[in-house]
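So the structure is just underneath, and the comments pick up after that.
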Amino acid sequence: KPLALPGAHVVVTGGSSGIGKCIAIECYKQGAFITLVARNEDKLLQAKKEIEKHSINDKQVVLCISVDVSQDYSQVENVIKQAQEKLGPVDMLVNCAGMSLSGKFEDLEVSTFERLMSVNYLGSVYPSRAVITTMKERRVGRIVFVSSQAGQLGLFGFTAYSSSKFAIRGLAEALQMEVKPYNVYVTVAYPPDTDTPGFAEENKTKPLETRLISETVSVCKPEQVAKQIVKDAIVVTMGLFRTIALFYLGSFDSIVRRCMMQRAKSEVADKTA
Ligand SMILES: NC(=O)C1=CN([C@@H]2O[C@H](COP(=O)(O)OP(=O)(O)OC[C@H]3O[C@@H](n4cnc5c(N)ncnc54)[C@H](OP(=O)(O)O)[C@@H]3O)[C@@H](O)[C@H]2O)C=CC1
Ligand SMILES: CCCCCCCCCCCCCCCC(=O)[C@@H](N)CO
């Protein structure tokens, strides 16, 4: 049951730069139709041109949509609707829009906590919320969340960033339990430092401790990270932690399935009554 990318509609938020752009290229190379979502229109057009160089047939389309994913849910819902009208229902959503700011807890502005939570967390909730109903109805869909290694470990300088990336994990795991009976799969990526424009920006303000911790692990290429993320989304497998939790999750999944069947039964009973 791997997702077939040829002809699929893949939406990539943050698709105009860095890891998101590489994910879009990777999917386009495999025959997908792409919608790029980000704010800056010049960067979007630039990325579209770059992605189109990798086309494998003359039907493929790259659509650009300029919107802030973290501001207004109804706006996000509207642009997703527009994209679906042009390229059909979304088969895969990649939530890659995000940003990082580091600093000691007492040095970070309070507004930075709000900003990172709204871009990294709510900016993943809104697009997902806008596609989930159709995915469940069609019994088809993949939702990818991009967390970070700093979303598994709380690290010096990342009080604001790590918590926003931990939040993504909670969202993803809870959502997976809800949508599994509908054949919709949720994956979470935890990338290490990756050579992107966003990473270069982050390095301008990193505290010394954060820099030294970060330097213990080597920097990855975005193409390589993107390839892994796409592979994990197409063929969903289980990591070590989730294997340990398998027994519990299995029994919880059966509760969810039982409720689904119960609900379907009582709906039929209501109709025949
Ligand atoms: N690079 C790294 O070391 C790592 C990155 N990550 C995560 O991967 C993701 C991508 O990172 P990276 O490629 O480095 O980032 P970049 O800064 O290179 O790209 C970020 C992308 O997100 C878009 N974006 C940012 N904010 C918003 C917003 N509010 N609404 C819509 N689009 C937005 C940007 O476009 P625009 O500004 O025009 O809106 C751009 O397309 C992030 O979530 C990051 O936290 C995780 C681990 C490591
Ligand atoms: C089981 C997990 C393995 C953990 C290995 C230890 C890693 C410690 C170093 C981590 C450096 C910080 C990464 C943050 C990347 C990031 O999200 C920003 N660069 C975004 O721009």
*Single condition ILE143 does not satisfy, out of (1) away from ligand 1 (no atom under 13 Å from the Cβ); (2) assigned to a loop (DSSP other than H, G, I, E, B)*: (2)
*asked:* Can you find, within the stretch 84-94, the residue that is surrounded by the most Cβ atoms within 10 Å (Cβ to Cβ) among those that are touching a strand residue (DSSP E or B) at 6+ places or on another chain (Cβ under 9 Å) and part of a helix (DSSP H, G or I)?
replied: LEU87
*Any chance ASP58 is surrounded by 15 or more Cβ atoms within 10 Å (Cβ to Cβ) and assigned by TED's automatic domain parsing to the domain that holds ILE34*: no
*Of the residues in the stretch 196-218, how many are part of a loop (DSSP other than H, G, I, E, B), charged (D, E, K, R) and either within 10 Å of ligand 2 (Cβ to nearest atom) or not assigned by TED's automatic domain parsing to the domain that holds GLY103 (or both)?*
2
*Could you list, in sequence order, all residues of the stretch 166-200 that are among the charged types (D, E, K, R) and free of Cβ contacts under 8 Å to residues at least 60 places away in the same chain?*
ARG169, GLU173, ASP193, ASP195
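Every residue, every condition in (1) within 14 Å of ligand 1 (Cβ to nearest atom); (2) crowded, with 16+ Cβ neighbours inside 10 Å; (3) polar (S, T, N, Q); (4) over 15 Å from the mean Cα position of the chain (by Cα), yes or no:
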site	(1), (2), (3), (4)
VAL184	no, yes, no, no
PHE199	yes, yes, no, yes
LYS204	yes, no, no, yes
LEU208	no, no, no, yes
SER214	yes, yes, yes, yes
VAL217	yes, no, no, yes
LYS221	yes, no, no, yes
GLN224	yes, no, yes, yes
LYS231	no, no, no, no
*Pairs under 6 Å by beta carbon, first residue assigned to a helix (DSSP H, G or I) in the stretch 219-232, partner among the small types (Gly, Ala, Ser) and open to solvent by less than 80 Å² (accessible area, probe 1.4 Å), six or more apart or different chains?*
PRO222/GLY18; ILE229/ALA189
*Can you run down the residue pairs with Cβ atoms below 7 Å, 6 or more apart or on separate chains, where the first is in the stretch 254-273 and closer than 16 Å to PRO181 by Cβ and the partner is among the aliphatic types (A, V, I, L, M)?*
VAL256/MET177
*Regarding ALA32, is this residue within 8 Å of ligand 1 (Cβ to nearest atom), open to solvent by less than 70 Å² (accessible area, probe 1.4 Å), within 25 Å of LYS180 (Cα to Cα) and aliphatic (A, V, I, L, M)?*
no
*asked:* Condition first: more than 24 Å from ILE19 (Cβ to Cβ), touching a strand residue (DSSP E or B) at 6+ places or on another chain (Cβ under 9 Å) and outside any loop (DSSP other than H, G, I, E, B). Now tell me which residues in the stretch 48-83 satisfy that.
replied: GLN82
_Give me the residue from the stretch 114-127 that is open to solvent by 10 Å² or more (accessible area, probe 1.4 Å) and under 18 Å from ARG169 (Cβ atoms) and, out of that set, nearest to ligand 1 (Cβ to nearest atom)._
VAL119
*asked:* All but one of (1) closer than 30 Å to GLN82 by Cβ; (2) in a helix (DSSP H, G or I) hold for THR112; state the number of the condition that does not hold.
replied: (1)
*Only residues that are within 13 Å of ligand 2 (Cβ to nearest atom) and either assigned by TED's automatic domain parsing to the domain that holds CYS259 or not charged (D, E, K, R) (or both): list them for the stretch 160-184, please.*
ALA160, TYR161, SER162, SER163, SER164, PHE166, ILE168
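The values are calculated or read from the model by the stated rules, or taken from the named source; none is laboratory data. The shown structure was predicted, so the numbers you read here are calculated from the model rather than taken from an experiment. Ideal geometry is used to build each Cβ from the backbone, glycine not excepted, and the neighbour counts take in all protein chains shown. Note: accessible area is taken over every heavy atom of the protein model, side chains too, but ligands, DNA and RNA are not part of it. Shrake-Rupley method; radii C 1.70, N 1.55, O 1.52, S 1.80 Å.
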